[in-house]
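Since every read-out is calculated from the coordinates, none of them should be taken as a lab result. Not measured: the values here are computed from a predicted model. Please note: Cβ atoms are built from the backbone with ideal geometry, for glycine as well, and neighbour counts cover all protein chains shown.
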Amino acid sequence: MATGKTEVGRALARRFRRPMVDADDEVESRAGKSVAIIFSEDGEEAFRAMEKEVIRDLCLETGHVVAVGGGAFVDPENRKLMLTKGFVVCLSARPETVYARIAGNEDADDASGEKRPVRPLLLGGNQLERIESLMAQRAPAYAEAHYTVQSDDLTIDQVAERILDICLA
C-alpha cells in the first residue's frame, strides 16, 4: 500500500516498451465499480475472488508489467502462480512513509457523488497501527518475492532504475 506499485509499474512499462496492467484497475473494469465500493457493498472476500481471477488471467499472458495490490501476494495460490509465471519485485516502505503518503486522500467521490474510503483496509481505528499490523501479517508472504526494493526515500524513477538493474544483472 502506497509503496509506488502502480507508478513504478508504469515507469517500467515505458522503459521495457511493454504494456502495463494494474490488477486493481482490471478488477474495477470487470466489476464496473471501484475497489472501495466492492469492499463496502460486496465485502473483501468478493474482492479477493475477483482479484484471484484477474491474477490468474494475467499470469496466462506474457510480456507485460503487472502491479498487484498488497493483499494479492498473501494468497498462497496467487503467490505461487506469480512466482512461477513472472518476476516478482516487492516494493516496501516503512509504515510511517506509507501513512504520510496516504494522508489526505482517505476519501474519494464515487460515480454517485458519495464519499467512499480509498483505502478500505484502513477503516476503523488508528491508521498507522493498522498499516503496521497489515505489514506484520503480510511480511512472511512478501519475503518470498524474488526481490524487494525499499521505496521510502526514492523517486518513482529511482525505484524503476533499481528494478531495471536487478533485471539486467
Report summary line: Counting only residues 5 or more apart in sequence or on a different chain, those whose built amide H sits under 5 Å from that of A67 are V21, D22, A23
Requested in this report: Please give the net charge around K5, taking every other residue with its beta carbon less than 11 angstrom from that of K5, where Lys and Arg add +1 and Asp and Glu add -1.
Outcome: -2
Query raised in the report: Karplus couplings for region 63-74 from phi (6.51 cos²θ - 1.76 cosθ + 1.60, θ = phi - 60°), rounded to Hz, Gly and Pro as x?
Result: x, 9, 9, 10, 10, 10, x, x, x, 4, 6, 6
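Over region 1-106, what is the mean sequence separation of C-alpha contacts under 8 Å (at least six apart), divided by residue count, expressed as relative contact order in percent? Before the final figure, lay out each step's value.
Values: 85 pairs, mean separation 39.2, N = 106.
RCO, region 1-106: 37 percent.
Find the lysine pairs in the chain meeting two conditions, Cα atoms under 24 Å apart and a separation of 8 or more places or different chains, and report how many there are. Intermediate values should be presented prior to the final figure.
Details: K5/K33; K5/K52; K5/K80; K5/K85; K33/K52; K33/K115; K52/K80; K52/K85.
Lysine pair count for the chain: 8.
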Report summary line: Among [x] 16.6; [y] 15.9; [z] 19.4, the value of Kirkwood radius over Cα pairs in Å computed for this structure carries the label [x]
